[in-house]
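Asker: If you scroll down you'll find the structure; I have some questions about it.
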Amino acid sequence: MLSYEHELSGYDIRKWTEWSMRFFYGSPAYSQIYSELKKLENLGLLTSRVENNGTRSRRLYKITETGLAAATQWARETPAEPPSLRHPAILRVTLGHLSDPRALKEMLQEHISYVDQMQRDAAKEAKWAAADPSWAYAKIALDWASRYYTAERELALELIKDLDEAEANFPKVGQGAKIPWPDPEYWYEIEKKADADDAG
C-alpha cells in the first residue's frame, strides 16, 4: 500500500486493504499491520512521523527509496506461490458422514449468501476503481474477484445437487451401527491403482 508513495496511517492501510484485497488475500488486523510497520521501519524500508491535529495525533508512514526498491524487486522477480485454499464449507462436506445432507445443504445455502455478498462488493469496488486511471491494476484484480465469486456460486449450487447423489450412494446402516469404512491397506491399494492409471 505504501508503494503508492503517499504517507499513510495504519488505519489508512487497513481501510485500503479492506477495499481492495479482502476478496482474494484477506485483510489483516490492525495489530498485525502496526507490528509489520514497526518491523519495516526498523529495517529502514519505511520512515514515520507523528502528525498532531490539535485534538488527536496519528503516526504516518512513508516508504523509503530502499523500501520502494525492495517492493519493486519483490513484485517483478519473486515467483508467485501457489494459492493455498482453505475452504471450511468443503471441509464440512468432506466430513459429511458426521452430518446429514439437509444440514449440509443449509450450510451451503448460507455459504452462497456470503458468496453473493462478496461478489456484489467486489463488483462495486471494481466499478469505483475505474474513477482513476492509476487504479487500473487494482480494478482488474477486483474484476477478477467478482468473476471468482460468480464461479464459486455456481460450484456451490452444483455441490448441493451432488449431495443427493452422495446420499444415494452412501452405505446404509441401521441405527447405531458403524459405517463399514475401508481399512488403510485398501486406501494404499487404491492409491497404487491411481498412480498406475496415471502412468498408463
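Asker: Whether any residue in the stretch 140-150 is hydrophobic (A, V, I, L, M, F, W, C), surrounded by 15 or more Cβ atoms within 10 Å (Cβ to Cβ) and in contact with a His (Cβ under 8 Å, 6 or more places away or on another chain) is what I want to check.
Answerer: The answer is no; no qualifying residue exists.
Asker: Anything in the stretch 143-174 that is among the basic types (Lys, Arg) and within 23 Å of Glu125 (Cα to Cα)? List them, or say none.
Answerer: Arg147, Arg153
Asker: Looking at (1) surrounded by fewer than 16 Cβ atoms within 10 Å (Cβ to Cβ); (2) assigned to a loop (DSSP other than H, G, I, E, B), which one does Ser27 not meet, given that it meets all the others?
Answerer: So Ser27 meets the others, but not (1).
Asker: Sticking with this one: Determine the pairs where a residue that is under 13 Å from Glu5 (Cβ atoms), located within the stretch 63-89, has a partner that is part of a loop (DSSP other than H, G, I, E, B) and open to solvent by less than 100 Å² (accessible area, probe 1.4 Å) with Cβ atoms under 9 Å apart, the partner being 6 or more residues away or on another chain.
Answerer: Sorted first by the residue in the stretch 63-89, then by its partner, the pairs are Ile63/Leu45; Thr64/Gly44; Thr64/Leu45; Gly67/Gly44; Gly67/Leu45; Leu68/Leu45; Ala71/Leu45.
Asker: Moving on to the next point. Among the residues that make up the stretch 65-79, is at least one of them out of contact with any Phe, Trp or Tyr (no Cβ under 7 Å at 6 or more places or on another chain), more than 30 Å from Ser48 (Cβ to Cβ) and surrounded by 15 or more Cβ atoms within 10 Å (Cβ to Cβ)?
Answerer: Looking through the stretch 65-79, none of the residues is out of contact with any Phe, Trp or Tyr (no Cβ under 7 Å at 6 or more places or on another chain), more than 30 Å from Ser48 (Cβ to Cβ) and surrounded by 15 or more Cβ atoms within 10 Å (Cβ to Cβ).
Asker: Still on this structure, I have one more. Say we look at the stretch 157-174 and pick out the residues that are of a type outside the set (A, V, I, L, M, F, W, C) and outside any helix (DSSP H, G or I); which of these is farthest from Gln109 (Cα to Cα)?
Answerer: Among those that are of a type outside the set (A, V, I, L, M, F, W, C) and outside any helix (DSSP H, G or I), it is Gly174.
Asker: For the stretch 114-131, enumerate the residues that are free of Cβ contacts under 8 Å to residues at least 40 places away in the same chain and surrounded by fewer than 20 Cβ atoms within 10 Å (Cβ to Cβ).
Answerer: Tyr114, Asp116, Gln117, Arg120, Ala123, Lys124, Lys127, Trp128, Ala130, Ala131
Asker: Also, I was wondering about something else. Can you name every residue in the stretch 1-21 that is open to solvent by 30 Å² or more (accessible area, probe 1.4 Å) and assigned to a helix (DSSP H, G or I)?
Answerer: Those that are open to solvent by 30 Å² or more (accessible area, probe 1.4 Å) and assigned to a helix (DSSP H, G or I): Ser3, Tyr4, Tyr11, Asp12, Arg14, Lys15, Trp16, Glu18, Trp19.
Asker: Moving to a separate point now. Against the definition (among the charged types (D, E, K, R) and in contact with an Asp or Glu (Cβ under 9 Å, 6 or more places away or on another chain)), how does Lys192 come out, yes or no?
Answerer: No; evaluated as a whole, the condition is false for this residue.
The values are calculated or read from the model by the stated rules, or taken from the named source; none is laboratory data. This is a predicted model, so every value here is computed, not measured. So basically every Cβ, Gly included, is an ideal-geometry build from the backbone, and we count neighbours across all protein chains shown. SASA here: full protein model, heavy atoms, side chains in, ligands and nucleic acids out. Shrake-Rupley method; radii C 1.70, N 1.55, O 1.52, S 1.80 Å.
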